[in-house]
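As structure tokens, the structure follows; a few thoughts come after it.
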């Protein structure tokens, strides 16, 4: 039926326009975050640091503790602004999707995590022999966030992370498996939402944006991302990327 088809086409066009408006609003927020919010935050950081450095001996323990709280809050706010900025710019600032060796992107991610891997005595096994269409920098970011997550949400035993890739039709399916605390099945979708935290900040620090950023990057590449876990014996994060011809 031609009339029904036109109605569907109009609805899809309206959804596309709404999505574009949402992306533009997100970009506008990124501008505000990077300029209007960071300047007063720098002032807060500068003056609290100045108080701590110059007047610490004149303050009692309670006052010094309050200043430390303010300094910690400023550091967390800066991290939050940076993460939101990165999230908002995944599409607009992303590089061209080119033939990329996944192993090279992973190597860069592990290099960036070198100190954390050593401090946690982590064991990483990787076999990601895959050539995919990707923005190399963003792919490296996905690997880095997922491995970093495995280090953060660890158990008492040494962290073990196993990365693999297998070809399925026109795509490669990547898997990042860890032996950490896992994800309860009820939260398997929520953890990819912005600011979603399943644990207190005191127990596991962070902004709650890392997995949302990974999910957005993979979506930008035309892939999908999901997690498999029983909530007790670690978690396996999967994502797909189109194979390079």
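When residues of the range 165-184 are filtered for being surrounded by fewer than 18 Cβ atoms within 10 Å (Cβ to Cβ), touching a strand residue (DSSP E or B) at 6+ places or on another chain (Cβ under 9 Å) and at negative phi, how many remain? So the count comes out to 6. Picking from residues in the range 81-102 that are touching a strand residue (DSSP E or B) at 6+ places or on another chain (Cβ under 9 Å) and crowded, with 16+ Cβ neighbours inside 10 Å, the one that is nearest to residue 24 (Cα to Cα) is 97. For the range 56-65, state whether one or more residues are modelled with pLDDT under 85, surrounded by fewer than 16 Cβ atoms within 10 Å (Cβ to Cβ) and more than 30 Å from residue 21 (Cβ to Cβ). Looking for residues that are modelled with pLDDT under 85, surrounded by fewer than 16 Cβ atoms within 10 Å (Cβ to Cβ) and more than 30 Å from residue 21 (Cβ to Cβ), one finds at least one in the range 56-65, hence yes. Considering the range 196-217, and only residues there that are within 28 Å of residue 136 (Cβ to Cβ) and assigned to a loop (DSSP other than H, G, I, E, B), the residue that is modelled with the highest pLDDT turns out to be 209.
Is it the case that some residue within the range 109-124 is touching a helix residue (DSSP H, G or I) at 6+ places or on another chain (Cβ under 7 Å), in a loop (DSSP other than H, G, I, E, B) and either touching a residue at least 40 places away in the same chain (Cβ under 8 Å) or more than 17 Å from residue 213 (Cβ to Cβ) (or both)? So far as the range 109-124 goes, yes, one or more of its residues are touching a helix residue (DSSP H, G or I) at 6+ places or on another chain (Cβ under 7 Å), in a loop (DSSP other than H, G, I, E, B) and either touching a residue at least 40 places away in the same chain (Cβ under 8 Å) or more than 17 Å from residue 213 (Cβ to Cβ) (or both). Would you mind finding the one in 142, 132 that is in a helix (DSSP H, G or I), closer than 20 Å to residue 217 by Cβ and modelled with pLDDT of 95 or more? So the residue among 142, 132 that is in a helix (DSSP H, G or I), closer than 20 Å to residue 217 by Cβ and modelled with pLDDT of 95 or more is 142. When each of 43, 77 is tested for being at pLDDT 80 or above, outside any loop (DSSP other than H, G, I, E, B) and within 22 Å of the chain's Cα centre (by Cα), the lone residue that passes is 77.
The values are calculated or read from the model by the stated rules, or taken from the named source; none is laboratory data. Computed from a prediction, not measured in an experiment: that's the story for all the values here. Methodologically, a virtual Cβ is constructed for each residue, glycine included, from the backbone with ideal geometry; neighbour enumeration extends over all protein chains shown.
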